[in-house]
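Read the structure below first, then the notes.
The values are calculated or read from the model by the stated rules, or taken from the named source; none is laboratory data. These numbers were taken from a predicted model, which means no experiment stands behind them. Using ideal geometry, Cβ is built from the backbone for each residue, glycine included, and neighbour counts are taken over all protein chains shown. Note: accessible area is taken over every heavy atom of the protein model, side chains too, but ligands, DNA and RNA are not part of it. Shrake-Rupley method; radii C 1.70, N 1.55, O 1.52, S 1.80 Å.
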Amino acid sequence: MSGNSFAYSEQAGGGEATELGQEATSTVSPSGAFGLFSSDLKKNEDLKQMLESNKDSAKLDAMKRIVGMIAKGKNASELFPAVVKNVASKNIEIKKLVYVYLVRYAEEQQDLALLSISTFQRALKDPNQLIRASALRVLSSIRVPIIVPIMMLAIKEASADLSPYVRKNAAHAIQKLYSLDPEQKEMLIEVIEKLLKDKSTLVAGSVVMAFEEVCPDRIDLIHKNYRKLCNLLVDVEEWGQVVIIHMLTRYARTQFVSPWKEDDGLEDNEKNFYESDDEQKEKTDQKKKPYAMDPDHRLLIRNTKPLLQSRNAALEILTNLANEANISTLLREFQTYVKSQDKQFAAATIQTIGRCATNISEVTDTCLSGLVCLLSNRDEIVVAESVVVIKKLLQMQPAQHGEIIKHMAKLLDSITVPVARASILWLIGENCERVPKIAPDVLRKMAKSFTNEDDLVKLQILNLGAKLYLTNSKQTKLLTQYILNLGKYDQNYDIRDRTRFIRQLIVPNEKSGALSKYAKKIFLAQKPAPLLESPFKDRDHFQLGTLSHTLNTKAIGYLELSNWPEVAPDPSVRNVEVIELAKEWTPAGKAKKENPAKKFYSDSEEEEDSSDSSSDSESESGSASGEQDEEGDSSEDSSEDSSSEHRSDSESVSEVGDKRTAKRNSKSKGKSDSEDEEKENEKSKTSDSSSTDSSSVEESSSDSESESESESESESKKVTMEKEKKTKEDRNLTKDVSLLDLDDFNPVSTPVVLPTPALSPSLIADLEGLNLSTSSSVISVNTPVFVPVKTHVLLHRMSGRGLAAHYFFPRQPCIFGDKMVSIQITLNNTTDRKIENIHIEGKKLPMGMQMHVFNPIESLEPEGSITVSMGIDFCDSTQTASFQLCTKDDCFNVNIQPPVGELLLPVAMSEKDFKKEQGMLTGMNETSTVIIAAPQNFTPSVILQKVVNIANVGVVPSGQDNIYRFAAKTVHSGSLMLVTVELKEGSTAQLIINTERTVIGSVLLRELKPVLSQG
């Protein structure tokens, strides 16, 4: 009682205590108010005492507790005086937490914050970047006009800070100062102009946001920074990406002509009979020239292309862009998304396919066939989403798809997702007269499991029973009555209500109303097909992704997109003079100089050399080296100044040189590989065709150091490259359109500056001693480890009208070519008639890919089966090989996409050779990850089984119990693929993959990690 009375007297005495007591009593009963108040008061008093303590440990503990209170949403403003005293603490951890607190409450407690303004100003000079940035944040949070000059000075100093984090906070402070005092606009624009030139990705998004807030109409500030912002875009954080894309979209609408204008330059040039020559000439001059995309416009599109992989709104955007012209390209893209490891994303893709099928009637059947194939998918989420979408599509044309309804009825035994089960039952109920034998049996099964079903499924069981009672009462009368009795006593009142309604409607008695005689019309009425449309339909007048677009009404601050200009403004305003400072860092003897002998080569060779120095963003995007060569001249369009401009100030020149050298070496290696293949295909018999010589020749050509080449070598190289260019041009005429391929415009080069590469002498010595050849006398193809055969559906029997096809990879060298992957296809005739002339047509293969097809099969008897072999050269990539599987009467579009593990052949090698080859494949050629799993999953047999199930690799003997090694080579190029699983302490292991084919290596790493992690 003494404690309570003390609390009571304290409550009566002070104003702060009264407020705290009111806050406490609002959350508890009156009887316990004083006790809770007393404890709260003590707690806050304790915190104040701890903050005034001489011990840093006590202060730190108090600040952690206070920040925890703020994180939970509790009010800690009364502690402001005690906290602000510690802003000058010498302990860096305490100071960080104090600034976190001050940023939160400085705006509320402005008077007290002003007392410490001198401390904040001193903190702007603190050696720690976090303290400097936090001080600026607190300073800009004090919304008092009297300190505007101090804030302005602080922002100017912070904009020139060495730390990009501080400069980022300076950009944030610009917006706060502008909202406090708009008269500072001109001075703030000067700071924005300075920060726009910043090369750090950390600053880019923040300064563009400040630009949009303060001076969105000053397009002239963007001209010189346009290309840099485009190249930084992919590395900026997501928030910054949204802001920069929004700004660059507005910029593009003012600086480039519309790419959608109709081309009037292809009209008939014949003059009219009555026209004079002068009139005809004048008319010809007025005709518009064919559209050629501005290189800077293409640069923007190319650099936003990788952002589609962020998935945030990619599906929504692609669906809104879908039309009859591009739907086939989109469906190929969706086919890849459906196979994603992210099952929620795969399910969203299936919904998108359904919307496309609804909106574009020409592809409805194709989408339906594809979704039916997904019903055999192993993942339940994918199957369930497919069922729901198929149900909606079948409502559009139910009479034509009785076979699909029967197939879906069988899925009830395996699918457990409630919405999918409910969709199947609804579909069977609507079509119960078309499947008279199956529907009653489905009702019988559902009656058994009624009490265990989800409420959504129970409602559809009741509906199915009612429909069958009305159409087939002889077989289902007793079943329906049994289900109605179960529903009558169900726990859910919706189920009970629906049961009473159905019973009165379908079972006539003296109490039945006039509706009973219309029961059949009510339950079996034709339902309108659902509209699968975008939630953003009819919002085209707002920019995509803005608040106005989401709300479908113009929001405050929304900036309208301007119309495309008729004539593009002068593009030279975006040119930037770059002073090549890197020359002074170039090692002696390696300076890049003009070579008069360079003119000896043909134009095609110069173009090849220029394509070798394409931007870092392209080389890091994961495309294989062969694909880079196929780009040809168009690869010049990526701006090389990304490699010179998007480095942060803290990055040393030698590091830049190291990275660039490694990339150039990998490029020259990839280039020599591809050229060797071209020479082999054209059967050019040159004496110096070994991989080492070819590599050295290409490297010297790439670096413009070709004085030592003989005249005969140069001539043969010139002829070969001319043939190669001609071959590429011929291939490009028939190149398939890809969703993310934006090179379908006339290729034009972007005005860029090539930076001089900087190399350290030690690195050059290391690189000169590095032999990139993969050939080794100790490495030979080994017999694959036995694993169960995994079959994949090539053609579903319903899609193939009775012809079913499955394929698997036998993991044996292909008899049709040493660079081909062997594939065996099993064909089944599920009909009661003979299928004749089964063959392959209409091959649609990506560039460089080849296929050896099986011989036509004259006929396949009813219920007959046959297995045939074929080979495909996938060029060491997981790209899809599309073709048509045809019979005498029909052709069906099918495709084969290889798992990355099937692009390998196992090799036999000793542990010593493995370590030697692994030592040569480090740096950029090595990828690794940490695996966490139960100890029982790290036994030798389990690791072996899991690895070889995913990849066709050979086992390498190991002298260490905790390290397991596997080796293979890629089928196409013969590049080594070395896999290491090293067990660590506890339940962790490290997975390491070494290979020159870094793209395949990273894909294999992503596939092995979840398999090794799971039980």
Legend entry - Summed side-chain charge close to Val793 - residues other than Val793 whose Cβ falls under 13 Å, Lys, Arg +1, Asp, Glu -1: +4
Inset, instruction - Using the structure shown, list the pairs from Lys410/Lys474; Lys467/Lys527; Lys339/Lys969; Lys410/Lys521; Lys474/Lys527 with a Cα-Cα distance above 18 Å, or answer none. - result: Lys410/Lys474; Lys339/Lys969; Lys410/Lys521; Lys474/Lys527
Inset, instruction - Could you tell me, in Å, what Rg and Dmax come out for the Cα atoms of region 103-205? - result: 12.8, 38
Inset, instruction - Stick to the Cα atoms of region 150-228, pair each with every other, and give me the Kirkwood hydrodynamic radius in Å at one decimal. - result: 12.2 Å
Inset, instruction - Report Cys891's accessible area, 1.4 Å probe, all protein chains in place, as a number in Å² to the nearest 10. - result: 70 Å²
Legend entry - For region 881-1015, convex hull of alpha carbons as volume per residue, Å³: 129 Å³
Legend entry - Cα-based Lys proximity count in region 146-243, under 15 Å, for pairs eight or more positions apart or on separate chains: 17
Legend entry - Largest to smallest accessible area among Ile244, Ile840 [probe 1.4 Å]: Ile840, Ile244
Inset, instruction - Using the structure shown, select from Lys448/Lys488; Lys391/Lys445; Lys64/Lys96; Lys95/Lys125; Lys48/Lys85; Lys343/Lys844 the pairs with a Cα to Cα distance greater than 18 angstrom. - result: Lys391/Lys445; Lys343/Lys844
Inset, instruction - Mind giving me the FRET efficiency for Lys554 and Gln812? R0 is 51 Å, r the Cβ-Cβ distance, nearest 0.05 is fine. - result: 0.20
Legend entry - Loop sites in region 161-219: trypsin sites (Lys or Arg not before Pro), DSSP, at most 10 other Cβ within 10 Å: none
Legend entry - Computed P(r) (all Cα pairs; region 798-907; 10 Å bins; percent): 14, 47, 29, 10, 1
Inset, instruction - State, in angstrom, two size descriptors of region 314-365 derived from its alpha carbons: Rg to one decimal place and Dmax to the nearest whole number. - result: 10.3, 30
Inset, instruction - Tell me the GluC sites (Glu not before Pro) within region 375-470 that lie in a loop according to DSSP and have at most 15 other beta-carbon atoms within 10 Å. - result: Glu433
Legend entry - Loop-located trypsin sites (Lys or Arg not before Pro) in region 845-950 whose Cβ has at most 13 other Cβ within 10 Å (DSSP): Lys888
